[in-house]
Amino acid sequence: MGQKRLLVAGNWKMNGLRADAELMAEGLASRCHAMGNVAVDIALFPPATLLDYMARALDDTPIVIGGQDCHRSEKGAFTGDVSAWMLRDVGASHVLLGHSERRAGHAESSAQVKDKAQAAQAAGLVAIICVGENSSERDRGETLAVVRRQVQESLPAGATYANTIIAYEPVWAIGSGQVPSTEEIVNVHGEIRRLLVKATGDDAGATRILYGGSVKPSNAAEILGLGDVDGALVGGASLILDDFWAIVTAAVR
Ligand code: PEP
């Protein structure tokens, strides 16, 4: 298998109205067309309300669309939830799972993340499973232990490079402008790779591990050039067309 293409994924969180989506879709489509051969994979995770629009608006571009969460069940009496099959039905190919804002704000456990990842697999979606330590865990020197536990407990059976991506997102780095040192990122990504070898064997080398947490145009090239960093999960900067595109171009190999 050749060198993996990098993946730049934009998480819009609970941001964006239809007008924002129109501007972003038009801007991204024209930049992709101008670039011609887009030698990087790009995924956007708008709020559920914009998935249908985005999937249609980006249909003739290489950009794929994903949901920010899904329920573990296919359908049923779960008011307010969205299933993996519904995401698939609306044109999504990916789903973010276990983002720290879900783990903290909705008390999601790794066991629940695993169930959701299993549902994503069954629905034919690629699951991006997010892991990462918070600031007190970091201060106590528990980063590797926390990441190890979250990966082991969140990774579903049947995970392969084709259906699973891991995103390392230190909670303290999200939206804060702070990033770990390059050594810290390499260290954690290397540990995740070793865990993947144990869990998925031959697929581990091809499985993507993204870094997320205050990725900006100013630090993207350095972070994306690190060993075992196969792309970036971008929050705030993905809402600004020029910033997101600058990160995409930094990922072109
Ligand atoms: C995120 O929420 O996934 C994220 C990485 O956010 P930010 O880029 O804003 O730190």
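The values are calculated or read from the model by the stated rules, or taken from the named source; none is laboratory data. The shown structure was predicted, so the numbers you read here are calculated from the model rather than taken from an experiment. Quick reminder, even Gly has a Cβ in these numbers, built from the backbone with ideal geometry, and neighbours come from all protein chains shown.
Descriptive notes on the structure:
- Every residue from segment 229-253 that is more than 15 Å from the chain's Cα centre (by Cα) and charged (D, E, K, R): D242, D243, R253
- Residue match in segment 137-146 (condition: among the basic types (K, R) and in contact (Cβ under 8 Å) with a residue 40 or more places away in the chain): no
- A117 away from the ligand (no atom under 16 Å from the Cβ), under 18 Å from the mean Cα position of the chain (by Cα), closer than 23 Å to W85 by Cβ and part of a helix (DSSP H, G or I): yes
- Candidates L58, L97, L7: the one that is touching a strand residue (DSSP E or B) at 6+ places or on another chain (Cβ under 7 Å), in contact (Cβ under 8 Å) with a residue 24 or more places away in the chain, more than 22 Å from I129 (Cα to Cα) and aliphatic (A, V, I, L, M) is L58.
- The requirement of being within 16 Å of the ligand (Cβ to nearest atom), over 19 Å from L195 (Cα atoms) and at pLDDT 95 or above is satisfied by L96.
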